[in-house]
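The values are calculated or read from the model by the stated rules, or taken from the named source; none is laboratory data. Please read all numbers here as calculations on a predicted model, not as lab measurements. Every residue, glycine as well, gets a Cβ built from its backbone with ideal geometry; the counts of neighbours run over all protein chains shown.
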Amino acid sequence: MLHSFGLRFKPWTDYAQIIRSEITRRSQRPVDFHDHSLLNARLADDKSDGPFVDYLHAVYAGKRPDLILAIGAPAANFVQRYRHRIFPGTPMVFTAVEARRVQYDKLTQDDTVVAPAHDFPASFENILRVLPRTKTIAIVNGASPNETFWLGELRRETAPLTGRVELKFYNELSFEEILKDAANLPPHSAIFWHLMNVDAAGVAHEANAALSRLSAAANAPVFSYLDNFFGDTTVGGPMHSVEEGSAVAAAVAVRILNGEKAGDIKTPPTKYASPKFDSRQMQRWGIKESDLPPESTVLFKPPTMWETYRWQILTACSVILLQAGLIALLLIAHEINQPLGAILNNVETAEILLKGRSPDLRGVKEIFGDIRRDNSRATEVIRRLRSYVTKVPFERKDFDLNYQIGETVKFLLPEARSRAVVLRSRLTGAPLWVNGDPIQLQQVFSNLILNALDAASDTTLAERAVMVETAQDRKFAAISIADTGPGLSAEAAGKIFDPFFSTKKHGMGMGLSIARTIVAMHNGQIEAENCNGAVFRVRLPLA
Ligand code: ADP
């Protein structure tokens, strides 16, 4: 492998690295890689070619390599210049070199090219598409011989943009000056990062470090044409995929190692991959997804609220649902009190009427009619209430009830603490997969635990505790919620699951009724008994 700028110079070393591991992966035989580098290719007045050629001669005098991989334009040019002296007859792959930098007329039967073709007009169109108000584009391009070639190409290809945007070339500035200028660009500016190998002051730069500094200092978004510059420094767009390009080069190399003639392998120049954008940069520069070209991929998206806070959201939703339910119930309670009150009134009136000597039977009949009407109103309210409970959207899926109960307990810990009740749980080690609606079942268990906390705080005993346990009982998940409260009185025991039965001052008496309906919808059972305090047991079939 002949490198152009040393062994740690991006983006070329990225190509070299991927090509190397791809060849190793694809080749049936072990491959021994030798690295050599034209360190001085960064400099204009390099005189080291001659001794370097002699050195390579000496190294490979006895054993010629099977393949030469030239990485980058200077390596390609070097090989084309000295080919006849170094390795005549050894096959060669030119890669990580732009198609324009290869002298195709000097290619021999032993050479093949795997080259990307830059499309600067597409890069600039991309900038103007995602930021249509752009007025100035600053172009970063260094001053080494290779970069000077590209300056000419950039000027030529951006010529059609004159009049539409102001173009500012940074090739005559040192990198420090570039940083200063980029920090003070006028509003509606963008920066296009091409190359910064050697700046105008003669200082060599490693692209990634320089690009990170520029991106941090600039007051405008930075764009580029290579995806190994991508990752919180550049905005994105259509770019070369280093991975794709390297994979093509590696495949060609392996074909040659397997005996194919290099000159017979023709690879069309690789084009930009489909556009990629960095969501952090989009946010920073106010670019919306709808501004992006079709088929763009947005990467580095922060996890959504849902992904980060799934459990908290679910729990909050179920609490809201419960509250909404309670509000609805309060309204219904009012609605039901009205007809019941009217019935009572009517009965009392009828009693008075019937007490008289000659009762007004017609009046009584009318009153019975009213009672019948009020009765059906009350029945209707209750029917609606039941349908409200049973018809809430029911989403069935398999989920781990054990985990969900653990989360519910965690969620209610602060509530328990505020009531000076110790809330404990003993959960099975293994998950308990059930099929059903996680939100509704969570509503059941938070309701049972809240009732237990109510009961436990309703005692003068020193021990105020609630214990939640889960277990697997054959094909069922068995959950129990036990408290150290006063337990269920004989009278209450038979009625607690009835709607509107409550012994609490502000109780609605609907919690257990709803809980039983939900458990029944999941083909489960719920029951209560006394044991220290009260213990509620729920059994749900396992999925
Ligand atoms: P509410 O909590 O509004 O009263 P519920 O339907 O949840 O409605 O409960 C009905 C009644 O069942 C409660 O008022 C209470 O008398 C009784 N109850 C429920 N849980 C317990 C418990 N853990 N210990 C003792 N009594 C309970």
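To keep it simple, each residue is scored yes or no on (1) under 43 Å from the mean Cα position of the chain (by Cα); (2) modelled with pLDDT under 95; (3) not β-branched (Val, Ile, Thr).
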position	(1), (2), (3)
Arg464	no, yes, yes
Met467	yes, no, yes
Ala482	yes, no, yes
Gly494	no, yes, yes
Phe500	no, yes, yes
Met508	yes, yes, yes
Ala520	yes, yes, yes
### Task
Would you confirm whether any residue within the stretch 165-177 is among the aliphatic types (A, V, I, L, M) and closer than 25 Å to Thr13 by Cβ?
no
### Task
Select, from Ala210, Ala159, Ala216, the only residue that is assigned to a helix (DSSP H, G or I), surrounded by fewer than 16 Cβ atoms within 10 Å (Cβ to Cβ) and within 37 Å of the chain's Cα centre (by Cα).
Ala216
### Summary
Per the list (1) within 12 Å of the ligand (Cβ to nearest atom); (2) among the charged types (D, E, K, R); (3) under 22 Å from Gln443 (Cα atoms), residue check on Asp458 breaks on (3)
### Message
Filter the stretch 403-457 down to the residues that are in contact with an Asp or Glu (Cβ under 7 Å, 6 or more places away or on another chain) and within 27 Å of Phe501 (Cα to Cα) and list them by number.
### Response
Asp437, Ala452, Leu453, Ala455, Ala456
### Summary
Within the stretch 510-532, residues among the aliphatic types (A, V, I, L, M), within 11 Å of the ligand (Cβ to nearest atom) and assigned to a helix (DSSP H, G or I) come out as Leu512, Ile514, Ala515
### Message
Tell me yes or no: at least one residue of the stretch 480-487 is buried (at least 16 other Cβ atoms within 10 Å of the Cβ), away from the ligand (no atom under 13 Å from the Cβ) and under 24 Å from Phe411 (Cβ atoms).
### Response
no
### Message
So, Leu453, is that one closer than 22 Å to Val519 by Cα, more than 9 Å from the ligand (Cβ to nearest atom), surrounded by 15 or more Cβ atoms within 10 Å (Cβ to Cβ) and not β-branched (Val, Ile, Thr) or not?
### Response
no
#### Entry: Residues of the stretch 238-284 satisfying the condition of being part of a loop (DSSP other than H, G, I, E, B) and small (Gly, Ala, Ser)
Ser241, Gly259
### Those residues of the stretch 116-142 which are touching an Asp or Glu at 6+ places or on another chain (Cβ under 6 Å) and among the hydrophobic types (A, V, I, L, M, F, W, C), in sequence order
Phe120, Val130
### Message
Can you tell me which residue is nearest to the ligand (Cβ to nearest atom) among those in the stretch 437-450 that are surrounded by fewer than 22 Cβ atoms within 10 Å (Cβ to Cβ) and hydrophobic (A, V, I, L, M, F, W, C)?
### Response
Leu450
### Message
Quick check on the stretch 533-541. Is at least one of its residues within 19 Å of Gly436 (Cβ to Cβ), in a strand (DSSP E or B), within 12 Å of the ligand (Cβ to nearest atom) and of a type outside the set (Lys, Arg)?
### Response
yes
### Query
Which members of the stretch 441-475 meet the condition of being of a type in the set (Lys, Arg) and touching a residue at least 40 places away in the same chain (Cβ under 8 Å)?
Arg464, Lys475
### Task
Inspect all residues belonging to the stretch 226-237 and state whether any of them is crowded, with 22+ Cβ neighbours inside 10 Å, assigned to a strand (DSSP E or B) and at pLDDT below 95.
yes
### Message
Based on this model, can you work out whether Phe476 counts as among the hydrophobic types (A, V, I, L, M, F, W, C) and more than 9 Å from the ligand (Cβ to nearest atom)?
### Response
yes
### Task
Search the stretch 488-501 for residues that are at positive phi and pair each with any residue that is assigned to a loop (DSSP other than H, G, I, E, B) when their beta-carbon atoms are under 9 Å apart and the residues are at least 6 apart or on different chains.
Phe500/Met508; Phe500/Gly509; Phe500/Met510
### Query
What is the residue count in the stretch 96-151 for residues that are among the hydroxyl-bearing types (Ser, Thr, Tyr), part of a helix (DSSP H, G or I) and free of Cβ contacts under 8 Å to residues at least 60 places away in the same chain?
2
### Residue identified as at pLDDT 90 or above, more than 14 Å from the ligand (Cβ to nearest atom) and surrounded by fewer than 16 Cβ atoms within 10 Å (Cβ to Cβ) among Val422, Val434
Val422
### Residue satisfying condition, being under 26 Å from Gly152 (Cβ atoms) and either surrounded by fewer than 22 Cβ atoms within 10 Å (Cβ to Cβ) or hydroxyl-bearing (Ser, Thr, Tyr) (or both), within set Pro268, Pro275, Pro294
Pro268
#### Entry: Selected residue (only one of Arg372, Arg377 is under 30 Å from Leu354 (Cα atoms), loosely packed, with under 14 Cβ neighbours inside 10 Å and away from the ligand (no atom under 16 Å from the Cβ))
Arg372
#### Entry: Close pairs (6 angstrom Cβ cut-off, 6 or more residues apart or separate chains): assigned to a helix (DSSP H, G or I) in the stretch 71-82, among the aromatic types (Phe, Trp, Tyr) anywhere
Ala76/Phe94
### Query
Can you pull out the residues in the stretch 502-543 that are surrounded by fewer than 17 Cβ atoms within 10 Å (Cβ to Cβ), free of Cβ contacts under 8 Å to residues at least 60 places away in the same chain and in contact with a Lys or Arg (Cβ under 7 Å, 6 or more places away or on another chain)?
Gln525, Glu527
